[in-house]
Amino acid sequence: MALRAPAAAARRYLRLVTAATALLSSSTSAYSMSKDKIDSVIISIAMEDEAKPFITHLGLKADADFFPRQAPFHAFTGSYKECDVTIITAGKDEVHGAGVDNVGTVPAAVATFLALQKLDGKADLLINAGTCGGFKAMDAAIGDVFLTTGVANHDRRIPIPAFEPYGVGFIESVSVPKLREAIGAKEGVCTTGNSLDKHDIDEYHMKKNGASVKDMEAAAIGWACELHKMPHFG
């Protein structure tokens, strides 16, 4: 995941995600899995403008039949270095007629679940790619690229002891030390919330989560991946 940045950093993000796909497709030595080779990768990108350069760069084609007809989501498929690549995006809001990107946890969880269901038994890995916010206190700067060590929620506050672990929803990401070294990325926890702004209580829980970066989808994507027992990172 890349911190929100100008065009130069966006180009760097594209190169890094492409490099990550190449490295992961060549060998699972880049991360912790028993399979010898990655044959199929799903890449979830919430916003269409973030996905377009990557789709163009890899020459992926739209697959209109990938998602159920009721879903607003989009899928783009193709291959890169003998690895099948599927990019999914959340599409645009139709329910409220706003026509903006379907950001947030609900579309992210549903799109991820449906994509993994569609490719059940075929996909080997899911990567959550995109831009996010970062915290200077955790050594984050504009243009940095982070790989997640875990994801959690900071605005799903349920102050009932039995519900607290569910509310925070911490999920570990698959470890990718060789990938991090190869692309010069930083790493840390990504904390997720459905609001772009933050209140003091949000900041408190972000710090409690030990977050280096903040987004609006990662914890939901991680949750859907766990239901399918799919290795994932962002």
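The values are calculated or read from the model by the stated rules, or taken from the named source; none is laboratory data. Model, not experiment: these values are computed from the prediction. For neighbour counting, all protein chains shown are included, and Cβ atoms are generated from backbone atoms with ideal geometry for every residue, glycine included. The area values use the complete protein model at the heavy-atom level, side chains included, leaving out ligands, DNA and RNA. Shrake-Rupley method; radii C 1.70, N 1.55, O 1.52, S 1.80 Å.
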Positions within the stretch 175-197 being free of Cβ contacts under 8 Å to residues at least 12 places away in the same chain and either surrounded by 14 or more Cβ atoms within 10 Å (Cβ to Cβ) or under 23 Å from VAL103 (Cβ atoms) (or both), in sequence order: ASP197
Any hit, the stretch 122-134, residues being open to solvent by 30 Å² or more (accessible area, probe 1.4 Å) and modelled with pLDDT under 95: yes
Inter-residue pairs, beta-carbon under 7 Å, first surrounded by fewer than 20 Cβ atoms within 10 Å (Cβ to Cβ) and in the stretch 31-58, second modelled with pLDDT under 90 and part of a loop (DSSP other than H, G, I, E, B), 6+ apart: LYS37/SER27
Index of the failed condition, THR149 passing every other in (1) out of contact with any helix residue (DSSP H, G or I) (no Cβ under 7 Å at 6 or more places or on another chain); (2) open to solvent by less than 20 Å² (accessible area, probe 1.4 Å); (3) closer than 20 Å to ALA224 by Cα; (4) assigned to a strand (DSSP E or B): (2)
Failed criterion for TYR166 (all others in (1) part of a helix (DSSP H, G or I); (2) of a type outside the set (D, E, K, R); (3) out of contact with any Leu (no Cβ under 8 Å at 6 or more places or on another chain); (4) touching a residue at least 12 places away in the same chain (Cβ under 8 Å) hold): (4)
Any hit, the stretch 115-130, residues being closer than 22 Å to THR192 by Cα, touching an Asp or Glu at 6+ places or on another chain (Cβ under 9 Å) and assigned to a loop (DSSP other than H, G, I, E, B): yes
Output for the stretch 62-72, where each listed residue is touching a strand residue (DSSP E or B) at 6+ places or on another chain (Cβ under 6 Å) and among the charged types (D, E, K, R): ASP63
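Among the listed residues ILE87, ILE55, ILE38, ILE42, identify the single one that is in a helix (DSSP H, G or I) and of a type outside the set (Ser, Thr, Tyr). First the steps, then the outcome.
On the way: ILE87 fails: in a helix (DSSP H, G or I); ILE38 fails: in a helix (DSSP H, G or I); ILE42 fails: in a helix (DSSP H, G or I).
It is ILE55.
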Of all residues making up the stretch 198-234, the number that are within 25 Å of ALA123 (Cα to Cα), of a type outside the set (Gly, Ala, Ser) and surrounded by 24 or more Cβ atoms within 10 Å (Cβ to Cβ): 6
Sole exception among (1) in a loop (DSSP other than H, G, I, E, B); (2) aliphatic (A, V, I, L, M); (3) open to solvent by 30 Å² or more (accessible area, probe 1.4 Å) for VAL106, by number: (1)
Top-ranked residue of the stretch 186-213 - restricted to ones that are of a type outside the set (D, E, K, R) and assigned to a loop (DSSP other than H, G, I, E, B), ranked as farthest from the chain's Cα centre (by Cα): HIS199
Count of the stretch 159-213 residues which are under 14 Å from ALA137 (Cα atoms) and of a type in the set (A, V, I, L, M): 4
